[in-house]
Amino acid sequence: MSKNLALIACAIVVAGGISFAAVQHGQRPGEGRQDRPGRLERDAGGRHARLGERVRRGRELIRSLGVTEQQKEQERGVAKALKPIADEVRPQARFLIQQARELARSGDRAAARELLRTQLRPMLAQAMERARPLVQPLVGTLTPEQRAKLEAAAAAHGRTFDQDRFTRRLAMRLARRGAQR
């Protein structure tokens with residue numbers, strides 16, 4: 001009887017230790033992650049870890065540019081000008097994305113992709129065309145030192161600095177909520 005009791009107590013201690021180790025490692029017991037190539041792991045906030053790393057590096061690059069106070073003021077003005085465009089597009093995009101998710105969950109992934117291609121992509125392209133004239137003057141205020149840093153960062157990744165791509169990305173960054181601050 002005491003032998004069985006000792007075995008049960010040992011089993012409970014071992015199970016508790018495994019649970020504690022799994023929690024410390026960031027996984028729940030019984031929740032193994034599948035390490036498949038191309039599969040993005042999610043970080044604690046639910047976002048893709050690799051994407052979060054790219055965003056973090058982009059923010060560090062922007063901070064390293066040494067943006068002047070005058071450029072920051074212009075940036076705030078452009079963000080305020082972009083706000084009506086973003087406020088118009090955001091609910092429509094959210095609705096289309098929700099429809100695509102529902103289609104994908106029901107098993108019709110091809111229809112979900114087609115919905116995003118035919119409706120969301122043109123809508124976002126049209127919004128970007130409206131935003132580009134507002135953002136391009138801001139890109140023109142880059143000093144030669146700032147432009148050199150951007151070119152060096154692109155060269156570090158085997159690319160060349162693409163002003164149009166930088167304009168699009170800056171427009172997306174300034175269209176986010178809270179960019180006016």
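Every number here is computed from the coordinates shown, using simple stated rules; none is lab data. Note that the structure is predicted; figures quoted are calculated from it, not measured. Reconstructed Cβ throughout: ideal geometry from the backbone, glycine too, with neighbour counts over all protein chains shown.
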*Quick one: if the Förster radius is 45 Å, what FRET efficiency do ASP164 and LEU5 give, using the C-beta to C-beta distance and rounding to 0.05?*
0.05
*Dipole magnitude of region 68-175 about its Cα centre (Cβ charges: Lys, Arg +1; Asp, Glu -1), debye to nearest 20*: 300 debye
_Between THR68 and ALA81, what is the label-point separation in nm under the 7 Å Cα-to-beta-carbon projection?_
1.8 nm
_Length added when fully stretched, PHE95-GLU60, from 0.36 nm per residue minus Cα-Cα_ = 9.4 nm
*Quick one: Kirkwood hydrodynamic radius for region 68-175, alpha-carbon pairs, angstrom, one decimal?*
15.9 Å
*asked:* Can you return the lysines within cross-link range of LYS149? Criterion is Cα-Cα under 20 Å, with same-chain partners fewer than 8 residues away left out.
replied: LYS72
*Report the calculated FRET efficiency for THR141 and SER106 (r = Cβ-Cβ distance, R0 = 45 Å), to the nearest 0.05.*
0.40
*Net charge near ARG90, counting Lys/Arg +1 and Asp/Glu -1 over other residues with Cβ under 11 Å of its Cβ?*
+2
